[in-house]
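Report on the following structure.
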Amino acid sequence: MRKAIYPGSFDPITNGHIDIISRASKLFDEVIVLLAVNPNKECRFSVDERIEMLKKATSQFDNVKVDFYPGLTIQYARNVGAVALIRGLRVVSDFEYEWTLSAANEFIDKGIEMVFLMAHHEMTFISSSAIDELYHSGVDISPLVPKVVIEMYKKKSK
Ligand code: COA
């Protein structure tokens, strides 16, 4: 079984992420969407809230699972026998960041391939922090995120 990991902080998950997950699920037997820790980010949603959103937002994919790991993503990938780490690329600045990240991952384990999927053009402006800003400025974000994200925002503001 060819297993791949799609890591991120998903604060919150967006339709840009769903697009990558959907395409990865067709390339691999199993995709694990991994809630990982980006030490440079302070997240709005808790780990439990993000896991709940990820599970609900990916429930339509039979071969997609959700997990959380507080350590290094590449170590998790090795532990579960994954063959690849999936990352989405939107703009050139993503590439610079990914270049460094993939070099660090390669230093730890050369056996796990980095697989980059190009985001669809209409998705390139979406990011989790843009979603957060738009929502809190009163913009309708429903075309940009799974339904559960809006439900979670509403629950949080009660
Ligand atoms: N569609 C929409 N948005 C996308 C996207 C896509 N295809 N790809 C990326 N993004 C957005 C993300 O939502 C995120 O938005 P934000 O900065 O507003 O929150 C931004 O682009 C950056 O995404 P990403 O590079 O995936 O960062 P991240 O914080 O989501 O994930 C980790 C980074 C968690 C994967 C990484 O820090 C990690 O693996 N941490 C674990 C520890 C580790 O292994 N570190 C590496 C050791 S050197």
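Each value in this text was obtained by applying a stated rule to the coordinates, not by laboratory testing. As the structure is a computational prediction, the values presented were derived from the model and not from experiment. No Cβ is skipped: glycine too gets one built from the backbone with ideal geometry, and neighbour counts run over all protein chains shown.
How charged is the neighbourhood of ALA77? Take every other residue with its Cβ under 14 Å from the Cβ of ALA77, and add Lys/Arg as +1 and Asp/Glu as -1.
Numbers: positive: ARG2, LYS3, LYS65, ARG78, ARG87, LYS110; negative: GLU30, ASP67, GLU106, ASP109, GLU113.
It works out to a net charge of +1.
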- Find out how many positive minus negative residues lie around ALA119, taking Lys and Arg as positive, Asp and Glu as negative, among other residues whose Cβ is under 13 Å from that of ALA119. -1
- Longest principal axis of the chain (C-alpha) makes with the long axis of helix 147-156 (C-alpha) an angle, in degrees to the nearest 10, of 60 degrees
- Protection proxy (average C-beta count within 10 Å per residue), highest first, orders 146-156, 44-54 as 44-54, 146-156
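Given a Förster radius of 41 Å and the C-beta distance between LYS26 and THR100 as r, what FRET efficiency does 1/(1 + (r/R0)^6) yield to the nearest 0.05?
After rounding, the FRET efficiency stands at 0.90.
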- Message: Which one, VAL80, VAL33, VAL66, has the greatest fluctuation when you compute a Gaussian network model over the chain with C-alpha springs under 10 angstrom?
- Response: VAL80
- Query: Among the lysines, which have Cα under 27 Å from the Cα of LYS26 when same-chain residues fewer than 8 positions away are ignored?
  - Reply: LYS3, LYS55, LYS56, LYS65, LYS110, LYS147
- Be a star and scan region 46-83 for residues whose amide nitrogen sits under 13 Å from the point 7 Å along the Cα-to-Cβ vector of ARG2. 83
- With label points built 7 Å along Cα→Cβ from the Cα atoms of ASP48 and ALA130, find their separation and express it in nm. 3.2 nm
- Task: Lys and Arg at +1, Asp and Glu at -1: add these up for the other residues within a Cβ distance under 15 Å of PRO143 and post the number.
- Result: -2
- Query: In region 103-139, what chymotrypsin sites (Phe, Trp or Tyr not before Pro) fall in a loop by DSSP, with at most 16 other Cβ atoms inside 10 Å?
  - Reply: PHE125
- Angle between the chain longest axis and helix 92-108 axis [Cα atoms, degrees, rounded to 10]: 40 degrees
- Work out the charge dipole of the chain with +1 on the Cβ of Lys and Arg and -1 on the Cβ of Asp and Glu about the Cα centre, then indicate which of ILE126, ALA104, ILE21 is farthest towards its positive end. ILE21
- Message: Kirkwood Rh and Cα-based Rg: tell me the resulting Rg over Rh for the chain, rounded to two decimals.
- Response: 0.95
- Query: In percent, what relative contact order does the chain have, based on Cα pairs under 8 Å that are 6 or more apart in sequence?
  - Reply: 30 percent
- Message: Please compute the modelled spin-label separation between VAL80 and ASP62, points set 7 Å along Cα→Cβ, answer in nm with one decimal.
- Response: 1.9 nm
- Can you give the charge dipole size of the chain about its Cα centre, rounded to the nearest 20 debye, using +1 on the beta carbon of Lys and Arg and -1 on the beta carbon of Asp and Glu? 380 debye
